[in-house]
Amino acid sequence: SKGVAYPSPASWQTTDGTCHPRRPAQPWGEFYRRFVPSLGKTLSFRALDPEQDLDLFYRWMNEPRIAAAWELDHPKAQLHQYLLERVGASHIHSALGLYDDEPFGYFELYWTAEDRLGPYYDAGDFDRGLHILVGNPAYLGTRWFNGWLTGLTHYLLLDDPRTQRVMGEPRADNQNLLKHLQTVPAWHKLREFDFPHKRAAILECTRQRFFSQIQMP
């Protein structure tokens, strides 16, 4: 028998004054796929390609609904540079969400210790976080939200067994998101706080709550 496989012991590095575990390489291509029976669709996530997906990213970021929240309604060349910086980053990467291979949303997945959120709560060494955007209006609404948030949380908890929490920090006045969040009971709003650029809510999903409260088909 080969026995149980464990993650390699953490090695440490310091980034901008923050000591944290050395992060693995970003995934490339598709990294999650699962059929969601309640929706009758297959949910998947893949790394965003700064060349192949630039037109879609530009179109979404320049829609008024999205520009008001993300403030990235920039020229295409500037957005291309933004995506290239994500590819080169060690703690954050960009992904597309798809239903039946149709792109519906953009997501940034990050390690919170090195992110702007880290100083605002007791960040664990392997906590993950996410920034979310639904660009395709056909997939706005609670049932779609429940499907992709459950899937994305599932992926982040499976990606490293040392991850005990997945976090979010949307605008505190984003009532639609907070309403949708109530359909995913493993996610809780902890409190509100002030970033320099916005009033935010800290959202949390623990590993224990997810695997005890969420039924994965």
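Among the residues of the range 179-210, which ones are among the hydrophobic types (A, V, I, L, M, F, W, C), outside any helix (DSSP H, G or I) and touching a Ser or Thr at 6+ places or on another chain (Cβ under 8 Å)?
Across the range 179-210, the qualifying residues are Val184, Ala186, Trp187, Cys205.
Restricted to the range 148-167, and to residues that are open to solvent by 70 Å² or more (accessible area, probe 1.4 Å) and not charged (D, E, K, R), which residue is nearest to Arg209 (Cα to Cα)?
Gln164
Mind listing just one residue for me: the one in the range 4-30 that is aliphatic (A, V, I, L, M) and closer than 17 Å to Phe126 by Cα and, of those, least open to solvent (accessible area, probe 1.4 Å)?
Once the filter is applied, the top-ranked residue is Ala10.
Please work out which one of (1) out of contact with any strand residue (DSSP E or B) (no Cβ under 6 Å at 6 or more places or on another chain); (2) open to solvent by 70 Å² or more (accessible area, probe 1.4 Å); (3) under 30 Å from Arg143 (Cβ atoms) is the condition Arg33 fails and give its number.
Single failed check for Arg33: (1).
I need a count of the residues in the range 136-178 that are touching a strand residue (DSSP E or B) at 6+ places or on another chain (Cβ under 6 Å), among the small types (Gly, Ala, Ser) and not in a strand (DSSP E or B).
Number satisfying all stated conditions: 3.
Pairs under 6 Å by beta carbon, first residue among the basic types (Lys, Arg) in the range 200-216, partner open to solvent by 50 Å² or more (accessible area, probe 1.4 Å), six or more apart or different chains?
Pairs found: Arg207/Gln164.
Among (1) in contact (Cβ under 8 Å) with a residue 60 or more places away in the chain; (2) under 15 Å from the mean Cα position of the chain (by Cα), where does Leu130 come up short?
(1)
Which of the residues that make up the range 82-111 are charged (D, E, K, R) and without any contact (Cβ under 8 Å) to a residue 12 or more places away in the chain?
Correct list: Glu85 only.
Would you confirm whether any residue within the range 168-188 is within 13 Å of the chain's Cα centre (by Cα) and open to solvent by less than 10 Å² (accessible area, probe 1.4 Å)?
Within the range 168-188, one or more residues are within 13 Å of the chain's Cα centre (by Cα) and open to solvent by less than 10 Å² (accessible area, probe 1.4 Å).
Might you check whether a residue that is farther than 30 Å from Pro9 by Cβ, part of a loop (DSSP other than H, G, I, E, B) and not acidic (Asp, Glu) occurs anywhere in the range 103-125?
The answer is no, given that none of the residues of the range 103-125 is farther than 30 Å from Pro9 by Cβ, part of a loop (DSSP other than H, G, I, E, B) and not acidic (Asp, Glu).
Of these, Glu108, Glu102, which one is acidic (Asp, Glu), within 24 Å of Gly40 (Cβ to Cβ) and modelled with pLDDT of 95 or more?
Exactly one of Glu108, Glu102 is acidic (Asp, Glu), within 24 Å of Gly40 (Cβ to Cβ) and modelled with pLDDT of 95 or more, namely Glu102.
For the range 46-97, give me each residue that is under 13 Å from Glu108 (Cα atoms), in contact with a helix residue (DSSP H, G or I) (Cβ under 7 Å, 6 or more places away or on another chain) and open to solvent by less than 50 Å² (accessible area, probe 1.4 Å).
Leu48, Phe57, Leu83, His91, Ile92, His93, Ser94, Gly97
If a residue must be in contact with a Phe, Trp or Tyr (Cβ under 8 Å, 6 or more places away or on another chain) and modelled with pLDDT of 95 or more, how many such residues does the range 73-91 contain?
4
Within the set of pairs 6+ apart or on separate chains, which have a first residue in the range 16-27 that is over 14 Å from Ala89 (Cα atoms), a second that is of a type outside the set (S, T, N, Q) and part of a loop (DSSP other than H, G, I, E, B), and C-beta atoms under 8 Å apart?
His20/His91; His20/Asp125; Pro21/Ala10; Pro21/Asp125; Pro21/Phe126
The values are calculated or read from the model by the stated rules, or taken from the named source; none is laboratory data. Source: prediction; values computed, not measured. Neighbour counts are summed over all protein chains in view; Cβ atoms, including those assigned to glycine, are modelled from backbone coordinates with ideal geometry. Calculation scope for accessible area: heavy atoms of the full protein, side chains included, ligands and nucleic acids excluded. Shrake-Rupley method; radii C 1.70, N 1.55, O 1.52, S 1.80 Å.
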